[in-house]
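K.L.:
Let me begin by handing over the structure; questions about it come next.
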Amino acid sequence: MRWTSRHLLGLEGTTREELLTILDTAAKFREILDRPVKKVPTLRGVTVANLFFEASTRTRMSFELAEKRLSADTLSFSASTSSVKKGETLRDTARNIEAMMVDMVVIRHSSPGAPHFLSQHLDASVINAGDGAHEHPTQALLDIFTMRERLGDLDGKRVTIVGDILHSRVAKSDIYGLRALGAEVTLVGPSTFMPAEVERLGVTVTTDIEEATSDADVVNILRIQRERQEGGFLPSLREYTALFGIDAARVARMKPDVVIMHPGPINRGVELSPDVADSERSVILEQVTNGVAVRMSIIYLISRVRAAERAEELELLEVEL
Ligand code: CP
């Protein structure tokens, strides 16, 4: 058992052993999802609150389903219909929800560091479901799980991430996780989309899409965040598509067994053409399926840490008595 943290705030600093523990545990839960009865009683009595301060389809539903598959009790919160609208702070909101005897909080927030902040103010465990442009650890875990399903051990495998690295929390978590597992990571996109000194993370950076994708085992395509295009990062979406969009002609120049990934939501016809998104090379829907197993794994592992803490506290109490 190599998972000892009561939170999952990001993949930065996560070790190979910790990642393999999450992924191997997820593989067991993935088998359960193929059974006629897709549910286990493992987390009976545990309560998880899903606090989504930003829009989400996949992550939110995947966490909710993972919690239900583990038999946890779940609460879901949307900022748009909550007392946040009346001015309540993040800390007060979370502490009031925790006061209802909640054991874990899953949080998505537009502010980088919001999960870290909550972890300092709550006794509940905190799982980061995406914080601004910082990290999206469970997305990276499901990406890596899907890559391992297709390719086996990732040591030495070539993964190219295409697009808006600067604004992408997925790219950052993918880089941390993939590098810890020995994969070679190449980033490709317009230079305005590359964070300063990103090479320090042990990745190769290029603006040449053909060079970056010709020998890749995996091409992971990021969403162009249209909401951020006001900032002059791109001359136009049409130009981006011409220079970096992945279409059938570009895929034809890649390895014949290249794995095409995208975290979703897709801008069809912008960063990825519809025929490639729906092709046999694409594992986009497998990523979504695997997301439930990966989230079951992390919730389960954190619950084990909490149970161990409680057992230790009880032991201490008995000694004192
Ligand atoms: N991949 C991802 O985070 O999708 P959602 O924003 O729909 O959760």
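K.L.:
I want the antiparallel fraction of DSSP beta bridges within the chain, as a percent rounded to 5.
P.N.:
Values: 1 of 36 bridges.
Percentage antiparallel, nearest 5: 5.
K.L.:
Springs between alpha-carbon pairs under 10 angstrom, Gaussian network model over the chain: which of Ser83, Ser303, Ser168 fluctuates most?
P.N.:
Checking each option, the largest mean-square fluctuation is seen for Ser83.
K.L.:
Could you compute Rg(Cα) / (2.2 N^0.38 Å) for the chain, with N its residue count?
P.N.:
Numbers: Rg = 20.2 Å, N = 321, 2.2 N^0.38 = 19.7 Å.
The reported ratio for this selection is 1.02.
K.L.:
Under the definition of Cα pairs under 8 Å and six or more residues apart, what whole-number percent is the relative contact order of the range 1-123?
P.N.:
Working: 122 pairs, mean separation 33.5, N = 123.
Relative contact order of the range 1-123: 27 percent.
K.L.:
Separate question: Counting only protein heavy atoms and a 1.4 Å probe, tell me what percentage of the range 151-260's accessible area is made up of carbon and sulfur. Working shown, then result.
P.N.:
On the way: 2290 of 4720 Å².
Answer for the range 151-260: carbon and sulfur cover 49 percent of the accessible area.
K.L.:
Expressed as a whole percentage, what fraction of the accessible surface of the range 1-110 belongs to carbon and sulfur atoms when a 1.4 Å probe is rolled over the protein heavy atoms?
P.N.:
On the way: 2870 of 5760 Å².
Ligands and nucleic acids excluded, carbon and sulfur reach 50 percent.
K.L.:
Modelling each spin label as a point 7 Å along the Cα-to-Cβ direction, I'd like the Asp208/Lys39 distance in nm, to one decimal.
P.N.:
In this crude spin-label approximation the distance works out to 5.6 nm.
K.L.:
Please compute the contact order of the range 59-173 in relative form: average sequence separation of alpha-carbon pairs under 8 Å and at least six residues apart, divided by the residue count, as a percent.
P.N.:
Details: 111 pairs, mean separation 21.9, N = 115.
Answer for the range 59-173 is 19 percent.
K.L.:
Oh, and also: Mind listing the Cα extents of the range 174-222 along all three principal axes, in Å, largest one first?
P.N.:
Answer, in whole Å and largest first: 26, 25, 16 Å.
K.L.:
Any chance you could run the full-extension gain for Asp155 through Leu317? It's 0.36 nm times the residue separation minus the Cα-Cα distance, nm to one decimal. Show your work: numbers first, answer last.
P.N.:
On the way: separation 162, 0.36 × 162 = 58.32 nm, distance 4.59 nm.
This chain segment gains 53.7 nm when fully extended.
K.L.:
So with the 1.4 Å probe, I'd like the accessible area per residue for the range 4-142, rounded to whole Å².
P.N.:
Ligands and nucleic acids excluded, the result is 45 Å² per residue.
K.L.:
Within the range 276-298, whose backbone N sits under 14 Å from a point 7 Å along Cα→Cβ of Asp257?
P.N.:
Within reach of a label on Asp257: 281.
K.L.:
What is the dipole size for the chain, taken about its Cα centre, with +1 at each Lys and Arg Cβ and -1 at each Asp and Glu Cβ, in debye to the nearest 20?
P.N.:
On the way: 39 positive and 47 negative charges, 161 e Å.
Dipole of the chain, to the nearest 20 debye: 780 debye.
K.L.:
Hey, another quick one. Taking a cut-off of 27 Å between Cα atoms, list the lysines near Lys38, but don't count ones fewer than 8 places away on the same chain.
P.N.:
Lys28, Lys68
K.L.:
From Cα pairs below 8 angstrom and at least 6 apart in sequence, can you work out the relative contact order of the chain, rounded to a whole percent?
P.N.:
On the way: 577 pairs, mean separation 66.9, N = 321.
Computed value for the chain: 21 percent relative contact order.
K.L.:
May I ask for the angle, rounded to the nearest 10°, between helix 58-69 and the longest principal axis of the chain, with both axes built from Cα atoms and the value confined to 0 to 90°?
P.N.:
Compared with the principal axis, the helix lies near 40 degrees.
K.L.:
With no solvent and one equal point scatterer per Cα, compute the Debye intensity ratio I(q)/I(0) for the range 1-128 at 0.17 Å⁻¹ and report its log10, rounded to two decimals.
P.N.:
Log10 of I(q)/I(0), two decimals: -0.98.
K.L.:
Mind jotting down the three principal axis lengths of the range 5-44 based on Cα atoms? Whole angstrom, largest first.
P.N.:
38, 20, 12
The values are calculated or read from the model by the stated rules, or taken from the named source; none is laboratory data. All values derive from a computational prediction rather than experimental measurement. Glycine also receives a Cβ, built like all others from the backbone with ideal geometry; neighbour counts cover every protein chain displayed. Accessible surface is based on the protein model in full, side chains and every heavy atom, while ligands, DNA and RNA are left aside. Shrake-Rupley method; radii C 1.70, N 1.55, O 1.52, S 1.80 Å.
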